[in-house]
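Visitor: Sending over a structure as structure tokens; questions will come in a sec.
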Amino acid sequence: MSLLIRNARLLDGSLVDLLADDHRWTRIGTDLAADGATEIDAEGRLATAPLVDCHLHLDASLTAGKPRWNESGTLLEGIDVWGELKPSLTEQDVYERAREIVRWSVAQGTLFIRAHADVSGENDAMVRGLLRLRDDVAELCTVQVTAFPQDGIFQRDGDEQRLEHAIRLGVDCVGGIPHYEPTSELGLLEVHRVFDLAKQYSRRIDVHCDETDDPNSRFLEVMADDTVKHAMAGRVTASHCTAMGSYEPYYSSKLHGFLRRSGINVVVNPFANSLIQGRLDAYPKRRGFAQLKELLAAGVNVSLGNDVVMDPWYSLGRADMVEAASLALHFTYMSGREEIPEMLRCATERGARTLGVEDEYGLEEGKPADLVVYDAPNALEVLRLHPPRRWVIRRGRVVAETTPARTTLLGEPVTFSP
């Protein structure tokens, strides 16, 4: 079947038609003709390549309140609650909850997800459940699975071997959490071990790195150096990196150069980090975000993740990458006229670069016919209104459609637009 999208507004403001045949874009231009094609008139709405969620703990999603609530809302209590819950989890339970979040994500235009599966401890239900999910939803959404050692790999006997076992099961990425090891020396050892495993098994790397307010937590520079030594530019991602919010200017400037030279990707996760960081500060409180604005200016690829959805760390969330981009915009001062569209790129094409899927991503002839049409005309209005995704298209087929709500006040329509 053929699908013709008419009058779609691109991020650069141009108005185009897009024709899909055999699951790929075959023509992109103006006033296209396609006899027999199913037609959708976007009527000047913004259209982009799919949203990309670069960091999502699908294995923990929808477990908020089990076996108890995180009363303090802190990172450490969340880890404790998760530690109490995960021995009882089953592969089927993980699969079903994760599949529901994938459905939420796709309905809101996210067609690429990098998920993290906890591989610490004896229960491997998390990684098995997400690997099964990855294969089952492949026609609907591209999911990458990262083996994530939530408790580190040197705190408990056997966790290093469990990480390697998960890699053998077929995960896409090797994860880590060096700042959570008992000593900085073990944290350094963990970083090096992650790179050795990734090299040995030809996997990408995605490490929870320096997710702390400690200005002395500096494993990111070690990751950058290992990326250069192992010639892994573009294949390594550092997620969170919230210690950057505590770095002084000279070191930050030097670090930016290291990161640009290495070709490392940085993922910002605005939801949980906006609540978790700075908890122990008196006023003024640190923002606790990676330096997104400065990193982009330095030529570092930065993308975004939802991170957590209704789990022991964060009882809120609905898997919407537009909301994630909007929140990051506020916390990282990305409010300039040219910076606002860049925030949407952090949730789309920059995310595709992080996941390494650029060859099969984008609004270009020959690429897979994936598309999101927003019920808004441009990036500013998308990030202001968080509008419905009017149509979501996967491989030339409409997989989700949302009819926008209609509000009236004393019988008159209210549109929330000037």
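Visitor: Could you state the angle between the C-alpha long axis of helix 184-201 and the longest principal axis of the C-alpha atoms of the chain, as a value from 0 to 90 degrees rounded to the nearest 10?
Guide: 50 degrees
Visitor: To the nearest 10 degrees, how steeply does helix 219-229 sit against the main Cα axis of the chain, on a 0 to 90 scale?
Guide: 80 degrees
Visitor: If I take every Cα pair under 8 Å that is 6 or more residues apart in the range 225-349, average their sequence separation and divide by the length, what percent do I get for the relative contact order? Kindly include the intermediate steps, with their values, before the conclusion.
Guide: On the way: 187 pairs, mean separation 30.6, N = 125.
Contact order relative to length: 24 percent.
Visitor: Dipole magnitude of the chain about its Cα centre, charges +1 at Lys/Arg Cβ and -1 at Asp/Glu Cβ only, in debye to the nearest 20?
Guide: Using only the charged Cβ atoms, the result is roughly 480 debye.
Visitor: Looking at the chain, which longest stretch skips every one of the trypsin sites (Lys or Arg not before Pro) that is in a DSSP loop with at most 11 other Cβ atoms within 10 Å, leaving the sites themselves out?
Guide: Numbers: sites that count: Arg337, Arg406.
Counting at most 11 other Cβ atoms within 10 Å as exposed, the longest clean stretch of the chain is 1-336.
Visitor: Helix 75-85 against the longest principal axis of the chain: what's the angle in degrees, Cα atoms only, rounded to the nearest 10?
Guide: With rounding to tens, the tilt is 90 degrees.
Visitor: Quick one: plug the Kirkwood hydrodynamic radius of the range 275-338 (C-alpha pairs) into Stokes-Einstein at 10 °C, 1.306 mPa s, and report D in µm²/s. Working shown, then result.
Guide: Working: Rh = 13.5 Å.
Once the numbers are plugged in, D ends up at 118 µm²/s.
Visitor: Rounded to the nearest 20 Debye, what is the dipole magnitude of the range 88-245 about its Cα centre when Lys and Arg each give +1 and Asp and Glu each give -1 at the C-beta?
Guide: 640 debye
Visitor: Scan around Arg390 for amide H atoms under 5 Å from its own, H built in the peptide plane at 1.01 Å from N, and keep only partners 5 or more places away or cross-chain.
Guide: For Arg390, the qualifying residues are Val373, Tyr374, Asp375.
Visitor: Right, here's the next one. Just report the Cα centroid separation between the range 1-56 and the range 246-292, whole Å.
Guide: Centre-to-centre (Cα) distance: 37 Å.
Visitor: Let me ask something else about it. How large is ³J(HN,Hα), in whole Hz, for each residue of the range 313-318 in order, when computed from phi with the Karplus curve 6.51 cos²θ - 1.76 cosθ + 1.60 and θ = phi - 60°, using x for Gly and Pro?
Guide: For the range 313-318, the Karplus-derived couplings read 8, 8, 7, 10, x, 9 Hz, x marking Gly and Pro.
Visitor: Give the order of Leu371, Leu85 when sorted by the count of other beta carbons within 10 angstrom, beginning with the fewest.
Guide: On the way: Leu371 26, Leu85 16.
Ordered from fewest to most neighbouring Cβ atoms within 10 Å, Leu371, Leu85 come out as Leu85, Leu371.
Visitor: Which residues' amide hydrogens lie under 5 Å from the amide hydrogen of Asn306, considering only partners 5 or more residues apart or on another chain, with H built in the peptide plane?
Guide: For Asn306, whose amide H was placed from the backbone, the distant partners under 5 Å are Cys54, His55.
Visitor: Can you compute 3J(HN,Hα) from phi for each residue in the range 150-155, using the Karplus curve 6.51 cos²θ - 1.76 cosθ + 1.60 with θ = phi - 60°, rounded to whole Hz and x for Gly and Pro?
Guide: So the Karplus estimates, Gly and Pro as x, are 3, 9, x, 10, 10, 6 Hz.
Visitor: For the chain, place one equal point scatterer on every Cα, skip the solvent, and apply the Debye formula. What is log10 of I(q)/I(0) at q = 0.12 Å⁻¹?
Guide: -0.96
Visitor: On to the next question. Between the range 128-143 and the range 217-243, how far is it from one alpha carbon centroid to the other, in angstrom?
Guide: So the two Cα centres are separated by 27 Å.
None of the figures in this text is laboratory data; all of them are computed from the coordinates on show. Quick caveat, the model's predicted, so the values are computed rather than measured. Glycine also receives a Cβ, built like all others from the backbone with ideal geometry; neighbour counts cover every protein chain displayed.
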